[in-house]
Amino acid sequence: MSIILSTEFIKLLMTDNKNKIKNLSVSSEVSLSVNGMSRTPKASPSTRLLDYLRDELKLTGTKEGCGEGECGACMVLVDGKAVNSCLFLLGQCNGREVTTIEGIDAPKLFKAFEETGAVQCGFCTPGFIVSAYALLQQNPHPTVAEIKEALSGNLCRCTGYKKIVEAVEKVTGNG
Amino acid sequence: MSGKPKNELNYVGRPIVRVDAADKVCGAAKYINDIEFPDLLIGITIRSTRQRARILKMNVPMLPPDVTFVTTDDIPGENYVTLFNKDQPLLAKEVVNYLGEPIALLAGTDEDALRKLAAQIQIDYEDLPAIDSIEDALSGKLPPIYGDDNVFKSYGYIKGEPGNAFAESAFIFDDTFHTGYQEQAYLETQGVVAFPYRNGVKIVGSMQCPFYVQKGLSPALKLDPHDIVVEQAITGGAFGGKEEFPSLISGHAALLALKSGKPVKITYDRHEDISVTTKRHPSKSIRRIGFDKNHHITAMDIDFVLNGGAHSTLSQVVLARGALGSPGAYKCDNIRMLSRAVATNQLPSGAFRGFGAPQAFFAIEAQMNHAAYRMNIDPYSLRKKNILRLGDRTATGQLLKESVGLEKALDAVAERTNFTEKYNQYRVQLHNGQPLKGIGLATFFHGCGFTGKGEELIKATASVDYSNETGVLIRIATVDMGQGMNTVMRQIAADALALQIERVIVNIPNTAEVPNSGPTVASRTTMIVGGLICQCCADLLKQVGATAEKRDFAEKVNMSNIKILTATRDYRVPDDVVWDEDKFIGDAYPIYSWAAAVVEVTVDPVTFEVTVDKITAAHDIGKAINPVLVEGQIEGGSLQGLGYASIEVMTETGGRLNQASFTDYIIPTTLDTPEMETIILEETYSRGPFGAKGVGEQPLVGIPAAYVGAVENALGVEFGEIPLTPEIIHRRVHRERRENTNY
Ligand code: FES
Ligand code: FES
C-alpha cells in the first residue's frame with residue numbers, strides 16, 4: 001500500500017488536531033485535476049483533500065471512516081497512487097491528478113464486487129475499489145498475498161474480507 | 001402458517017445479487033452524511049468530564065445570536081429516553097454518571113466555532129465516589145447508581161438437585177472467566193439529521209430501529225408518536241450499535257431542531273463515536289461443572305455477571321439471552337443459575353451482535369475444553385456425549401421438536417478439519433522452539449427472534465401491496481444495514497407470488513409509511529418478518545383466487561375488479577410456544593439455529609504471537625434464502641468473533657477508554673484474516689418462510705472459545721479470558737513454568 005505523506009504533515013499529525021491542519025498553508029494557489037477536470041478550489045490549501053472533494057465538489061463517494069489514516073474509506077488516487085484523502089491536504093495536490101471513485105472506470109471490477117458478494121453495508125466499498133484499482137493498474141496479475149497486502153489499509157467490518165479478495169481475484173483471472 | 005409453497009423456486013435458495021450493490025460500488029449510495037439539507041446547522045454535544053459527580057453550576061459565555069444552546073430546561077417533556085426503564089436522561093441535569101455523558105447541546109453553522117464555544121462553557125462539579133468495576137458494583141459499599149442494590153436485572157433458577165448431583169459426580173471443575181469490552185466499529189459512525197416537520201419533527205439517520213426512536217422520544221419531546229416521523233438512511237453497518245443508541249442522538253438533534261427551527265445534523269467523528277457509544281457488556285462468569293465417570297454432564301453451577309455501565313439500556317434482555325446461553329448446547333438436568341446485570345460509572349453497555357450470548361458461550365465452551373483436557377478426552381468426543389439432539393429438552397425444559405442440526409454441524413467441522421487426530425497430535429507435540437500448532441472447537445446455538453415474550457410485546461406487523469401497474473410493494477420497518485434484508489425480502493415475495501423479482505420493491509423504512517414490523521435485531525428478520533411477508537403473499541393470492549403453482553397472480557388480478565390489493569399480517573407467537581419469564585421455564589425461543597466451529601492456529605513459542613490459519617464453521621440456519629448473503633454473515637461474524645477473542649483490546653481507566661480510535665482499537669484487516677470455510681446446513685423449520693431460521697448473530701458466538709481452545713491446545717496451558725493477547729499468554733505460560741518445573 002503506498003501512502004504519500006509529507007514529513008511536515010506527519011509532524012502535524014503527531015501533534016494531532018484538526019484546527020492546526022486547517023491553518024497550515026502549503027501553497028497559496030492550487031490548481032489540480034479531479035476526475036479529468038481542471039479545478040481551482042475555493043477552499044484553502046490547508047483543507048483536507050477529503051473535505052474539498054466532499055464539501056466543495058460534492059463527490060460524496062469518498063467516505064470518512066476515521067479521519068486518521070486507519071480505515072481507507074477515504075481512499076482516492078493521486079497521480080495513480082492510492083492515498084488516504086483524510087491525511088492529504090489540498091495544497092499537496094497542486095498540479096496533480098486526483099481520481100475519486102466517481103472517476104474510476106472499471107466495470108469488470110465493479111461487477112466482480114457486486115456478484116461475489118463483496119458488498120454489504122457498502123461504506124468501505126468505494127475505498128476498496130480504489131485500492132484494488134490502483135493495484136491492478138500496477139500489477140494486473142497479483143497473487144492472493146499481493147491482493148491482501150494491497151488491501152490491508154482498508155478496513156471492512158461486515159464481510160470478513162473473503163469475498164472482497166475473491167472479487168479482486170476474479171478480475172485478475174479475466175486478465 | 002408459512003410452510004413451504006410447492007411451486008418451483010426461482011429466487012429462494014439462489015445467490016441473487018443484492019439490489020443495492022451497484023449503487024454502493026460506484027459511490028452513488030447516499031448515507032446520512034452525503035445527503036444535502038438546505039440551511040443545515042451542525043449540532044455538537046457538551047459532555048461530562050467526570051465519572052460520577054453532582055453538577056453544581058454551568059457557566060456559559062455570551063453566545064452569538066445564530067448559535068442555539070440547549071440544556072435540560074429546553075426539554076418539553078420528561079427527561080428520559082424510553083426503553084425498558086426511565087433511567088437514561090436525554091441530558092444530564094443534577095448528576096452525571098459516566099465520563100462523556102451528554103449535558104448540553106450547541107448548534108450553529110460553523111463546527112470549529114462551536115467547538116471553541118463549547119470549550120468556554122465551564123461546568124463546576126462535586127465529585128462523588130465512582131463505582132468502577134463489577135466487584136465495586138456488588139460490594140454494597142458505595143451509594144448505588146440504580147435502585148437500592150445496583151442491579152439492573154437478575155434472573156436465576158434451580159433445576160433438579162444440583163447439590164446432590166455434584167456430590168455424586170466423578171469429576172468437578174471450577175473455573176472463572178472474564179470477557180472484555182468490544183466496540184461495534186461499524187465503518188460509518190453515528191449520524192442523524194432532525195428538522196421541524198408538520199406538527200413535530202422528522203428524523204433521518206443511520207439506524208436499525210426507526211420505531212424505537214419514535215417511541216423513545218415521544219415522552220421527552222412531548223409529541224404524539226405520529227408527530228415524530230423517523231426514516232432510516234442507508235446505514236453503513238450497525239451490529240447492534242445502532243439499535244438503541246440512535247434514540248439518544250436523535251433526541252439531541254430534535255431538541256436543537258425544534259429550538260432553532262432549522263435542520264440540525266449531529267454526526268460523531270470516530271473518536272467521539274468510540275468514546276461515548278455503547279459497547280458489548282464486559283462479563284465475569286464463575287462456574288462449576290460436574291461429570292459422571294462416563295463424561296456425561298451431571299450438574300452446573302453458574303454465576304454470570306454483566307457490567308451494564310451507567311444506564312440500564314437493553315441490559316435486561318442482553319442478560320436474558322446470556323443466561324439462556326450459559327448452560328450451552330448440552331443436556332443437563334441439574335442447574336443452579338444466577339445472572340445479574342449491574343450498574344457501574346462506566347459507559348452504558350448495549351446491544352452488540354450476539355447480545356449476551358458471546359460472553360455466556362465463551363464461558364461454557366472454554367470450560368468444556370478445559371474439562372476435556374483435564375479428563376483426558378478430546379473436546380469432540382466430550383461434546384458428542386453431551387450435546388442436545390432432536391427430542392431432548394433444553395436447560396429451561398423446552399422440548400426440541402424439529403430442526404436441530406447441532407450434531408450434523410459438530411460432525412461436519414470435525415471431519416472437515418480432522419479435528420480429533422490433530423488435537424491429540426498437537427497435545428503431545430514437542431516444545432522445541434519450533435512454531436506450535438493448535439486446534440480448538442466450540443458448539444453453540446442462537447435462539448431465533450426475541451427472547452421469551454419479546455415477540456408478543458412487539459406484535460410485528462407487515463404489509464404487502466400490489467397492483468398490476470406498480471408491482472409488489474413490501475411495507476416493513478425492517479432496515480437493510482448491510483445484511484441484505486431488502487434482497488432477501490424481495491426473493492421471498494417474488495417466489496411466494498410467483499412473479500419476477502424486478503416487480504418487487506421494499507418501501508423505505510419510514511414510520512409514516514410502513515407498519516411496525518419490529519426492530520432489526522435478534523436474528524429475527526428473515527424468520528419473523530419474512531414469514532409475515534410470506535403470509536401476506538398467500539393472502540393476496542387468495543384474494544383473487546390465484547396460486548403460486550399456476551403462476552396466474554397477475555392474470556387473476558387483471559380479471560378481477562380490484563385495482564390495488566393489500567394484505568397485512570401480525571405476528572402471533574404460536575400457541576404451543578410457552579414461556580414463563582419469572583420461573584425461567586419453557587420455550588425461550590420458537591426455534592434455534594445451531595453451529596459448530598473449529599479454529600486452527602500457529603503460536604510462536606517465543607513471542608506468543610498467534611497466527612490463525614483457518615476457521616471452519618458449520619451453521620444450521622434452516623433454508624438459506626440467499627446462500628451468498630448467508631456466507632457473508634458467517635464470514636463477517638466469524639471475523640468479528642475472532643477479533644473479540646484476540647486483538648480487540650478495550651480497557652478503561654477511571655471511566656475513560658484507553659483505546660478511542662482505530663489507531664488504538666485494532667480490528668482485523670485482510671492480513672489478520674485466516675482462510676475461512678463455511679458449511680451451511682439446512683434443517684428446515686416448518687414455520688419459517690421456506691423453512692428459514694435466523695443467521696445474523698450466531699457466527700460470532702462460538703469463535704472466541706474455539707480460538708482460545710486452539711491456543712491452549714498448542715501450549716498445554718489454560719486461559720480464562722478474552723481478548724487473549726500475546727502479553728497475557730506470555731505471563732500465564734511463564735507462571736505455569738515456574739509453578740511446574742516439569743513443563
Ligand atoms: S477516513 Fe481516511 S483513512 Fe479513515
Ligand atoms: S461492507 Fe460494511 S464495512 Fe465493508
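To the nearest 20 debye, what charge dipole does chain B have about its Cα centre, counting +1 at the Cβ of each Lys and Arg and -1 at the Cβ of each Asp and Glu? Mind dumping the intermediate values first?
On the way: 74 positive and 91 negative charges, 182 e Å.
Taking the Cα centre of chain B as origin, the dipole is about 880 debye.
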Reduction of at least 40 Å² in accessible surface, 1.4 Å probe, comparing all protein chains with the chain by itself, residues of the stretch B:152-193: B:Leu187
Approximate spin-label separation B:Glu421-B:Asp604, in nm, with each point projected 7 Å along Cα-to-Cβ: 3.1
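What is the mean number of Cβ atoms from other protein chains located within 10 Å of the Cβ atom of each residue in peptide B:635-643, rounded to a whole number? Before the final figure, lay out the partial values.
Details: counts 8, 10, 2, 2, 7, 3, 1, 1, 1.
Going residue by residue through B:635-643 and averaging, the value is 4.
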Per residue accessible area in Å² of the stretch A:104-172, where ligands, DNA and RNA are left out and the probe is 1.4 Å: 33
Loop trypsin sites (Lys or Arg not before Pro), the stretch B:579-685 (other Cβ atoms within 10 Å of the site Cβ: 14 or fewer; DSSP): B:Lys583
Residues losing 20 Å² or more accessible surface upon assembly, the stretch B:35-66, compared with the chain by itself, 1.4 Å: B:Glu36
Mean separation of Cα contacts under 8 Å (6+ apart) over length of chain B, as relative contact order %: 17
For the stretch B:377-382, 3J(HN,Hα) per residue [Karplus equation, 6.51 cos²θ - 1.76 cosθ + 1.60, θ = phi - 60°, Hz, x = Gly/Pro]: 9, 7, x, 5, 5, 4
Farthest toward positive dipole pole in the protein assembly as shown [+1 Lys/Arg, -1 Asp/Glu at C-beta], among B:Phe445, B:Val598, B:Ser206: B:Phe445
Only Lys, Arg (+1) and Asp, Glu (-1) charged, at Cβ; the stretch B:408-509 dipole about Cα centre in debye: 480
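What is the projected area of the convex hull of the Cα atoms of the protein assembly as shown, averaged over all directions, in nm²? The partial results should precede the final answer.
Working: hull surface 153.6 nm².
Computed as one quarter of the Cα hull surface, the answer is 38.4 nm².
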Drop in accessible area of at least 20 Å² in the complex versus isolated chain, residues of the stretch B:109-138, 1.4 Å probe: B:Asp112
Cleavage-rule hits, trypsin sites (Lys or Arg not before Pro), the stretch B:28-93, DSSP coil, Cβ neighbours within 10 Å at most 13: B:Lys86
Whichever lysines have a C-alpha closer than 16 Å to that of B:Lys623, once near sequence neighbours (fewer than 8 apart) are set aside: B:Lys4, B:Lys6, B:Lys408, B:Lys693
Rg over Rh, two decimals, the stretch A:24-175 (C-alpha only, Kirkwood Rh): 0.98
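So if each residue of separation counts as 0.36 nm, and I subtract the Cα-Cα distance between B:Asp582 and B:Lys222, what length gain in nm does that give? Spell out each step's value before the answer.
On the way: separation 360, 0.36 × 360 = 129.60 nm, distance 3.35 nm.
Length gained between B:Asp582 and B:Lys222: 126.2 nm.
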In order through the stretch B:88-93: 3J(HN,Hα) via Karplus (6.51 cos²θ - 1.76 cosθ + 1.60), integer Hz, x for Gly, Pro: 9, x, 5, 9, 6, 10
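Among the listed pairs A:Lys163/B:Lys202; A:Lys163/B:Lys401; B:Lys202/B:Lys453; B:Lys284/B:Lys583; A:Lys111/B:Lys202; B:Lys93/B:Lys215, which are separated by more than 29 Å between their Cα atoms? It would help to have the intermediate numbers written out before the result.
On the way: A:Lys163/B:Lys202 37 Å; A:Lys163/B:Lys401 36 Å; B:Lys202/B:Lys453 31 Å; B:Lys284/B:Lys583 23 Å; A:Lys111/B:Lys202 36 Å; B:Lys93/B:Lys215 22 Å.
Flagged as over cut-off: A:Lys163/B:Lys202; A:Lys163/B:Lys401; B:Lys202/B:Lys453; A:Lys111/B:Lys202.
Expressed as a whole percentage, what fraction of the accessible surface of the protein assembly as shown belongs to carbon and sulfur atoms when a 1.4 Å probe is rolled over the protein heavy atoms?
Numbers: 16400 of 33230 Å².
Using a 1.4 Å probe with all protein chains present, the protein assembly as shown comes out at 49 percent carbon and sulfur.
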Gap separating the Cα centres of the stretch B:637-658 and the stretch B:187-217, nearest whole Å: 29
For chain B, calculated [θ]222 nm from helices alone, where every DSSP H run of n ≥ 4 adds -39500 (n - 2.57): -8500 deg cm²/dmol
Which of B:Tyr186, B:Ala167, B:Pro144, positive extreme of dipole for the stretch B:133-277 (C-beta unit charges): B:Tyr186
Cα centroid separation - the stretch B:95-117 against the stretch B:411-444, whole Å: 53
Distance (nanometres) between label positions extended 7 Å along Cα→Cβ at B:Glu402 and A:Asn139: 5.2
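Leaving out ligands, DNA and RNA, calculate the buried accessible area for the pair A and B with a 1.4 Å probe, summed over both sides, in Å² to the nearest 100. Mind showing how you got there, number by number?
Values: alone 9010 and 28000 Å², together 33230 Å².
The contact between B and A buries close to 3800 Å².
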Per residue accessible area of the stretch B:98-167, 1.4 Å probe, in Å²: 49
Cleavage-rule hits (GluC sites (Glu not before Pro)) in the stretch B:145-246: DSSP loop, at most 11 neighbouring Cβ within 10 angstrom: none
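Pairs of Cα atoms under 8 Å, at least six residues apart: use those to get the relative contact order of the stretch B:557-627, whole percent. Show your work: numbers first, answer last.
On the way: 58 pairs, mean separation 15.1, N = 71.
This gives 21 percent for the stretch B:557-627.
Can you give the translational diffusion coefficient of the stretch A:104-172 in µm²/s, computed by Stokes-Einstein from the Kirkwood radius over Cα pairs at 37 °C and 0.692 mPa s?
On the way: Rh = 11.6 Å.
Diffusion coefficient, whole number: 283 µm²/s.
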Dipole of the protein assembly as shown, positive direction: furthest Cα of B:Leu541, B:Val630, B:Gly241, with charges on the beta-carbon: B:Leu541
For chain B, projected area of the alpha-carbon convex hull averaged over all directions, nm²: 32.6
Size of charge dipole - the stretch A:104-172 - debye, nearest 20, with Cβ of Lys, Arg +1 and Asp, Glu -1, no other charges: 160
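The values are calculated or read from the model by the stated rules, or taken from the named source; none is laboratory data. Bear in mind that the values here come from a model prediction, so they are computed numbers and not experimental data. Methodologically, a virtual Cβ is constructed for each residue, glycine included, from the backbone with ideal geometry; neighbour enumeration extends over all protein chains shown. The protein model used for the area step is the full one, side chains on, heavy atoms only, and it has no ligands, DNA or RNA in it. Shrake-Rupley method; radii C 1.70, N 1.55, O 1.52, S 1.80 Å.
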